[in-house]
Amino acid sequence: MIVTDLKVGILGGGQLGKMLCIAAAPWHLELFVMDKSADFPAAPYCHHFTEGDFNSEEEVIAFGETLDIITIEIEGVSIKGLHKLKSMGKTVIPDPDFLEIVRDKGRQNAFYRDLGVPTVGFSSFDSLKELEKVIEVGNIRFPFVWKSRFEGYDGRGVKLVKRAEDLKGLPEGPCISEDLVSIEKELALIVSRNSKGEKGLFDPVEMVFDSRANLLDHLQFPAGIPERIAEQMKQIAETIVDKVGFRGLLAIEFFLTTDGQLLVNEMAPRPHNSGHHTIECCATSQYEQLLRTVLDLPPGDTAASRKGIMYNLLGSPGYTGPARLKGVEQLFATEDAHLHWYGKKQTRPFRKMGHILLAGSDMGVLRERMERLREGLRVVV
Ligand code: ADP
């Protein structure tokens, strides 16, 4: 045994799984990964890859029953399968009960409210019809934000509703209505906690969104916010993980409103896009931090070593097919610029194909470098 004799498996073999495998390499930790195809980003970087469907209860059980610890890099896995593995005595991280709360935006918001954590005002509905009835009797004021309770991500499953007609064409299923808040900044923070209650808190990042694609445009580390707000975010994160005895890695997204309120928007109990910069900019990456947590080791040092800007390399509009990255020479000629190419075979418009991390000491310089690089660096076919 070097670090552990326990067998650790990951459901999901996308880019987050790949970066987990890379973080495991210095310890020579053997990871087992399951996803649909051996073409996926993590496959070449893990010791054992299983082709399988993490949505299938049977396949999740078959994958996990030979392992000791099972964790995830994506939320959309079979929860029934995870519950079964837990009942078989396996360590499942995050806990399937917690994952169930996270997967339902209605339950998630109620969870914050019940914990006394500041969040956006909301109402939960079992169907679109139910929401329409409440509108008819005049119990909701326009505008508000409609959100699908299940399976919304990257802005899909979110719609601004200014009048009743805007509901036309929306999915009939369970949904919530949220107060429309006036957002000054969108922020995120990653916290880890092991079974002894030892926590690692990274400094907050600031997310800037592209309104066209409704996707993260870039991320700035550290966030340009007063220390007071950063402290408040950390306190909220600690409250959430301590009150439920959470074990694992949790990314929490916040809104800072134009009137200075800090509200929790949503959370993800797994490695997160908003923590990519931790590889280059922090003493311990979010990926190593999750590995430490699943093995119940003490958290690594989260101290920031330098500033960073992260932006995603998205498939260029108009290109679908085998992916190619144009302008890579300029990237390698740029100081402290780091390429993360996920290795997905096919590009399509706005697909996340990789990311660039620019590190340094001056945020203004980093922003200029990003603008310059962006002009030349394109994902095409
Ligand atoms: P997803 O999980 O799909 O990313 P989010 O809940 O984060 O969905 O919503 C996507 C984006 O929509 C947010 O980043 C934010 O810009 C905007 N948004 C979400 N909820 C609200 C709200 N209640 N008021 C104003 N803007 C919102």
Checklist line | Failed condition for Leu249, given (1) in contact with a Leu (Cβ under 9 Å, 6 or more places away or on another chain); (2) part of a helix (DSSP H, G or I); (3) away from the ligand (no atom under 12 Å from the Cβ); (4) under 29 Å from Ser361 (Cβ atoms) | finding: (2)
Notebook entry, point to check: Does Thr239 qualify as being hydroxyl-bearing (Ser, Thr, Tyr), within 16 Å of the ligand (Cβ to nearest atom), at pLDDT 95 or above and under 26 Å from Glu178 (Cα atoms)?
Noted result: no
Check: Name the residues in the stretch 117-148 that are out of contact with any helix residue (DSSP H, G or I) (no Cβ under 8 Å at 6 or more places or on another chain), touching a residue at least 40 places away in the same chain (Cβ under 8 Å) and over 15 Å from Asp179 (Cβ atoms), would you?
Finding: Asp126, Ser127, Lys129
Notebook entry, point to check: Using beta carbons and a limit of 8 Å, which pairs, at least six apart or on different chains, have the first residue in the stretch 267-287 and without any contact (Cβ under 8 Å) to a residue 24 or more places away in the chain and under 8 Å from Ala251 (Cα atoms) and the second one crowded, with 24+ Cβ neighbours inside 10 Å and of a type in the set (Val, Ile, Thr)?
Noted result: none
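Going through the stretch 186-234 one residue at a time, which ones are loosely packed, with under 14 Cβ neighbours inside 10 Å and more than 16 Å from the ligand (Cβ to nearest atom)? Steps first, please.
Within the stretch 186-234, the first condition is being loosely packed, with under 14 Cβ neighbours inside 10 Å, and the residues that meet it are 195-197, 208, 211-212, 214, 224, 226-228, 231.
Once the filter is applied, which keeps residues that are loosely packed, with under 14 Cβ neighbours inside 10 Å and more than 16 Å from the ligand (Cβ to nearest atom), the stretch 186-234 yields Ser195, Lys196, Gly197, Gly224, Pro226, Glu227, Arg228, Glu231.
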Next item on the list: Go through Ile183, Ile176 for me and flag whichever is among the hydrophobic types (A, V, I, L, M, F, W, C), in contact (Cβ under 8 Å) with a residue 24 or more places away in the chain, crowded, with 19+ Cβ neighbours inside 10 Å and more than 17 Å from Ser285 (Cα to Cα).
Entry: Ile176
Notebook entry, point to check: Taking into account only those residues within the stretch 121-130 that are away from the ligand (no atom under 15 Å from the Cβ) and not in a loop (DSSP other than H, G, I, E, B), which is farthest from Ala237 (Cα to Cα)?
Noted result: Lys129
Note to self: So Thr284 passes all but one of these: (1) surrounded by fewer than 19 Cβ atoms within 10 Å (Cβ to Cβ); (2) touching an Asp or Glu at 6+ places or on another chain (Cβ under 7 Å); (3) under 23 Å from Thr71 (Cβ atoms). Which condition number does it fail?
What the structure shows: (1)
Next item on the list: For the stretch 299-313, name all the residues that are out of contact with any Ser or Thr (no Cβ under 9 Å at 6 or more places or on another chain) and closer than 20 Å to Phe350 by Cβ.
Entry: Ile309, Tyr311, Asn312, Leu313
Next item on the list: Six or more apart or on different chains, Cβ under 7 Å: which pairs go from a residue in the stretch 48-67 that's hydrophobic (A, V, I, L, M, F, W, C) to one that's loosely packed, with under 15 Cβ neighbours inside 10 Å and modelled with pLDDT of 95 or more? Could you list them?
Entry: Phe49/Ala38
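Tally up the residues in the stretch 309-324 that are farther than 16 Å from Arg372 by Cα and either part of a strand (DSSP E or B) or polar (S, T, N, Q) (or both), please.
Step one: list which residues in the stretch 309-324 are farther than 16 Å from Arg372 by Cα, which gives 314-324.
Filter again for either part of a strand (DSSP E or B) or polar (S, T, N, Q) (or both), leaving 314-316, 320-322, 324.
Qualifying residue count, the stretch 309-324: 7.
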Next item on the list: Kindly indicate whether any position in the stretch 263-270 is under 18 Å from the mean Cα position of the chain (by Cα) and among the basic types (Lys, Arg).
Entry: yes
Note to self: Restricting to the stretch 162-183, count the residues that are within 11 Å of the ligand (Cβ to nearest atom) and either under 26 Å from Gly76 (Cβ atoms) or not hydroxyl-bearing (Ser, Thr, Tyr) (or both).
What the structure shows: 7
Margin query: Which condition from (1) part of a helix (DSSP H, G or I); (2) closer than 21 Å to Tyr45 by Cα is the one that Glu329 breaks?
Written below: (2)
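The values are calculated or read from the model by the stated rules, or taken from the named source; none is laboratory data. Note that the coordinates shown come from a computational prediction; the quantities given were computed from them, not determined experimentally. All Cβ positions, glycine included, derive from the backbone under ideal geometry; neighbour counts span all protein chains shown.
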